[in-house]
Amino acid sequence: MVVGHPFDTIKVRIQTSSTGTYKGVVDCATKTMAEGGPFALYRGVWPVLAGVTPMYAMCFFGYGIGKKMFCDEDAYTAENQKLFQIALAGGASALFTTPILAPGERIKCLQQTDKTGKLSGSFAAAVRHVWAEGGVSSLTKGFTATFSRDCVASMFYFSTYEFLKRKFGDMEGKNRGDTPSTLSTLCAGGFGKFLYLIALNILLILL
């Protein structure tokens with residue numbers, strides 16, 4: 001969060017600015033810090049922190065529900081891994097994470113792009129301001145786009161993770177079905193997250 005959130009702020013500001021506002025990442029970072037100091041790069045961090053724990057809990061809960069809905073009993077066997085079914089199960093997790101994530105994303109993006117100072121205060125003050133504008137509809141604006149984005153990105157993440165975990169196990173000489181080493185499991189999760197982020201940003205452009 002300490003390292004990644006400033007890049008998220010820069011990304012959002014570049015994506016939402018008019019053409020020619022920023023020359024690049026460095027120019028955007030410089031101008032953002034000129035507006036409010038180094039902490040301006042951390043605008044919108046509180047809704048992310050507030051939502052990350054329940055969001056991941058609901059993500060894996062939703063994935064578990066998705067497995068029951070879409071996956072055959074042999075979908076995870078090494079000899080007959082059914083990646084499309086696993087992907088659908090992963091996509092189902094967005095049904096459970098979006099109600100938590102969408103309001104936080106709304107507040108985060110508004111704080112990151114705010115140039116009036118009205119939303120640069122506390123998280124609670126920003127929520128009150130957005131609520132006063134239009135209640136629930138204002139707070140959940142962009143819900144469908146957030147769901148669509150996370151659904152597809154989660155499909156990439158979970159299918160990639162399961163596929164690479166099996167492949168890394170094969171490379172280690174593990175018997176089919178055995179759990180690979182901790183390092184291999186972490187690498188599989190890391191590559192899965194990498195593809196998740198690629199899909200996320202492509203969808204951000206499209207949506």
Taking the criterion of being closer than 23 Å to PHE194 by Cα, surrounded by fewer than 19 Cβ atoms within 10 Å (Cβ to Cβ), among the β-branched types (Val, Ile, Thr) and modelled with pLDDT under 85, would at least one residue in the stretch 24-36 satisfy it? no
Qualifying position, being in contact (Cβ under 8 Å) with a residue 60 or more places away in the chain and surrounded by fewer than 18 Cβ atoms within 10 Å (Cβ to Cβ), among ALA124, ALA145, ALA132, ALA57: ALA145
Taking SER93, is it at pLDDT 85 or above and closer than 20 Å to TRP46 by Cβ? no
Here is a list: ILE86, ILE100. Which entry is hydrophobic (A, V, I, L, M, F, W, C) and touching an Asp or Glu at 6+ places or on another chain (Cβ under 8 Å)? ILE86
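Are there any helices (runs of 4 or more DSSP H) wholly within the stretch 75-166 with 3 or more residues that are of a type in the set (S, T, N, Q) and on the phi < 0 side of the Ramachandran plot, and if so which? Steps first, answer last, please.
On the way: elements: 83-92, 94-113, 123-139.
Where helices (runs of 4 or more DSSP H) fall fully within the stretch 75-166 and carry at least 3 residues being of a type in the set (S, T, N, Q) and on the phi < 0 side of the Ramachandran plot, they are 94-113.
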Going through the stretch 87-111 one residue at a time, which ones are closer than 16 Å to ASP8 by Cβ and touching a residue at least 60 places away in the same chain (Cβ under 8 Å)? ILE107, LYS108, CYS109, LEU110, GLN111
Residue satisfying condition, being more than 14 Å from the chain's Cα centre (by Cα) and aliphatic (A, V, I, L, M), within set ALA40, ALA57: ALA40
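Just need a number here: residues in the stretch 57-74 that are part of a loop (DSSP other than H, G, I, E, B) and under 15 Å from LEU95 (Cα atoms). Can you show your working first?
As a first pass, look at the stretch 57-74 and keep what is part of a loop (DSSP other than H, G, I, E, B): 71-74.
Those left that are additionally under 15 Å from LEU95 (Cα atoms): none.
Residues meeting the conditions: 0.
The values are calculated or read from the model by the stated rules, or taken from the named source; none is laboratory data. Quantities reported herein were computed from a predicted structural model and do not represent experimental measurements. We place every Cβ from the backbone using ideal geometry, glycine too, and count neighbours over all the protein chains shown.
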